[in-house]
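Readers should treat all values here as calculations from the given coordinates under stated rules, not as data from a laboratory. Quick caveat, the model's predicted, so the values are computed rather than measured. Note that each Cβ is placed from the backbone with ideal geometry, even for glycine, and that neighbours are counted across all protein chains shown.
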């Protein structure tokens with residue numbers, strides 16, 4: 001039956017009922033009820049108005065009339081109707097009438113719930129909230145509805161008095177499972193409002209038994225991981241981890257995550273304290289290695305605990321060597337992911353690539369063996385998929401190579417900023433571009449959206465086996481790992497070998513995985529003999545391993561007078577994370593400052609600002625340098641502002657044994673002279689490669705003595721600085737470093753050569 005036919009039938013029905021009621025003088029209330037039951041609220045309102053004319057003292061008609069007005073979207077008229085009657089009653093009557101009205105509204109809400117009319121349920125329950133703000137059950141219903149309707153803002157928890165009402169209830173009166181479910185729904189909203197923390201704590205205080213305790217603990221811990229590491233709200237996530245530890249104070253997992261969340265939310269000293277607790281809680285060798293790396297991370301993040309971090313690193317090496325000697329074969333999936341990058345810190349402490357790479361390759365080998373045990377069936381399946389892929393290609397000879405880019409960092413991150421030029425300049429007639437984004441966030445950043453728009457196809461997940469299967473299903477020819485050893489899921493995917501050819505580019509360094517075929521380098525960034533200690537085959541591009549078309553530059557927010565620095569003074573500058581603040585390099589930098597009259601040292605970076613200041617000031621005092629020659633800058637709001645503010649700097653002093661990478665490119669793009677100390681390892685030669693490709697040799701030092709000499713010479717020779725700045729500006733038009741399109745052609749030529757080699761060998 002069509003809608004018009006139904007409406008016509010209803011109209012005829014009510015016309016008949018009305019005539020019947022008029023002729024027999026039957027109760028108008030029945031007419032209203034009949035109309036209400038079939039959803040004709042306008043008719044129902046007319047009937048209840050007639051009922052009130054016939055029976056002015058019929059209190060229930062006021063409630064029913066207000067209800068049908070409400071259901072027509074006339075909330076103000078509904079409230080006026082109810083109020084008119086309430087004003088006529090005594091206090092005892094009003095109390096009774098309130099309960100009566102609430103009951104009618106509750107029945108109406110339940111009826112609309114059955115019919116799945118969520119918006120009407122929302123309107124009715126809001127009126128119940130007005131009638132009885134002490135009804136916890138109704139408040140919880142409203143919270144659920146706000147989430148379901150997409151109206152949740154976080155303010156509802158306070159508006160509906162949820163916390164206060166929960167505190168008034170005894171634990172026995174509370175439906176705990178319902179509260180857990182509601183909290184879970186709230187934790188799934190984005191953006192996440194911090195008001196839910198009060199609700200989480202109120203629920204925590206109402207735990208009655210071990211089952212409730214465990215359920216709440218699991219929810220709090222899982223949510224803290226998701227919110228902290230994927231939604232990037234570590235401060236809120238840390239509170240959830242704190243709540244979890246109130247339930248199980250010695251739980252190792254909660255302790256570990258809290259330590260990391262404190263670090264990520266710039267609560268550095270708390271992060272160190274909790275990381276020390278975590279070290280004491282673990283027992284197995286694999287867990288001890290991870291706990292040691294957690295504490296190392298906490299210490300190095302601050303930039304001010306270098307001595308303790310260096311001592312711990314020696315013990316950390318011993319634990320890793322013990323694992324290499326034992327070659328355990330019973331590591332869990334989680335332990336594999338945690339141990340594989342446990343030697344991540346070595347290049348920050350020492351420029352010993354032969355030793356570092358050997359240890360790295362061996363610990364990766366242990367993890368890879370365990371991965372094969374864990375994923376034996378999947379690895380067999382992926383191997384069969386690769387063989388079938390090769391056979392299909394031989395038969396069909398497709399025109400385009402399928403290139404897959406795998407990363408958790410295709411967003412506002414160094415990898416994201418640098419890789420975009422290759423993606424943008426790819427020849428789409430010869431190459432199909434697939435992107436595999438690692439993440440579990442419910443939102444995307446502008447740069448991440450840009451990457452998605454550039455791909456022929458993209459896929460996003462946080463599950464390694466799922467992504468590996470998708471890469472195989474997509475029949476990717478060449479998979480490029482952009483994260484290297486910095487992201488655990490990337491390691492897991494690459495170790496499964498879902499693509500015939502796998503490459504590492506960008507990231508930290510080569511991972512050491514035997515399933516990675518090539519590591520992209522250039523003539524400068526690795527010494528000629530580096531293949532001796534690399535597991536992967538080093539593939540050297542002809543000029544540079546990285547190129548960009550340039551950087552966006554904003555409006556500067558920093559002036560010399562803001563820093564109380566004279567116009568004719570020389571400003572040295574260093575911006576890096578706490579990880580890169582090797583004390584020996586800091587001493588070299590301060591020796592330069594000491595020898596250049598009227599010079600200042602500006603220091604900026606993501607670390608514990610107070611701890612970093614203390615270490616720099618104490619070292620300056622030891623060198624006989626007044627503390628007022630040092631300036632500690634806050635991190636700029638955006639990358640483009642950071643680049644603009646480089647304009648007031650005269651010389652940038654690079655770090656060693658871990659150079660700048662993105663920061664070096666930005667420095668050269670802005671035409672600022674750079675002093676870098678060249679070493680042997682990849683991370684100690686980044687700036688050297690970039691300077692050579694920009695046509696600049698001034699400032700390249702091969703020893704500590706040369707580093708100091710170049711720093712002093714550049715500080716004292718303004719003409720030399722001007723010449724370098726001019727050469728850097730000119731290099732924008734001629735240098736391979738600033739030619740993303742040419743770089744893309746060189747990478748594509750390499751991809752084709754790699755594919756040809758693969759075909760010849762298979």
- Message: Under the rule a/c < 1.5 gives rounded, and otherwise a/b versus b/c splits prolate from oblate, where does segment 288-442 land using the Cα gyration tensor?
- Response: oblate
- Message: Once you order the gyration tensor axes a ≥ b ≥ c over the Cα atoms, which shape class does segment 648-726 get: rounded for a/c under 1.5, otherwise prolate or oblate by comparing a/b with b/c?
- Response: oblate
- In degrees, nearest 10, the alpha-carbon axis of helix 118-131 is tilted away from the dominant principal axis of the alpha carbons of the chain by 70 degrees
- Which FRET efficiency value, to the nearest 0.05, do you get for residue 638 and residue 584 by plugging their Cβ-Cβ distance into 1/(1 + (r/R0)^6) with R0 = 30 Å? 0.40
- Distance in Å, no decimals, from the C-alpha centre of segment 575-643 to the one of segment 687-739 is 21 Å
- For helix 285-302, what angle does its Cα long axis make with the longest principal axis of the chain, in degrees from 0 to 90 and rounded to 10? 80 degrees
- Using R₀ = 56 Å, calculate the FRET efficiency as 1/(1 + (r/R₀)^6) where r is the Cβ-Cβ separation of residue 549 and residue 130; round to 0.05. 0.40
- Task: Compute the long axis of helix 3-24 from its Cα atoms, compare it with the longest principal axis of the Cα atoms of the chain, and write down the angle in degrees, 0 to 90, nearest 10.
- Result: 30 degrees
- Note on the structure: Per the rule of 0.36 nm per residue minus the C-alpha distance, extending residue 473 to residue 167 adds in nm 104.8 nm
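Grab the DSSP H runs of the chain that are 4 residues or longer, score each as -39,500 (n - 2.57), total them, divide by all residues and round the 222 nm result to the nearest 500 deg cm²/dmol.
Taken over the chain, the calculation gives -18500 deg cm²/dmol.
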- Using a basic spin-label model with each label point 7 Å from the Cα along Cα→Cβ, how many nm lie between residue 266 and residue 92? 6.4 nm
- Protection-proxy order for peptides 304-315, 38-49, each taking the mean of Cβ atoms within 10 Å per residue, highest first: 38-49, 304-315
- Task: Can you figure out the FRET efficiency of residue 538 with residue 726, using R₀ = 45 Å and their beta-carbon distance, to the nearest 0.05?
- Result: 0.85
- Note on the structure: Per its Cα gyration tensor (rounded if a/c is under 1.5, else prolate when a/b beats b/c, else oblate), the chain is best filed as prolate
- Note on the structure: Taking alpha-carbon centroids only, segment 656-670 lies from segment 452-488 a number of Å equal to 28 Å
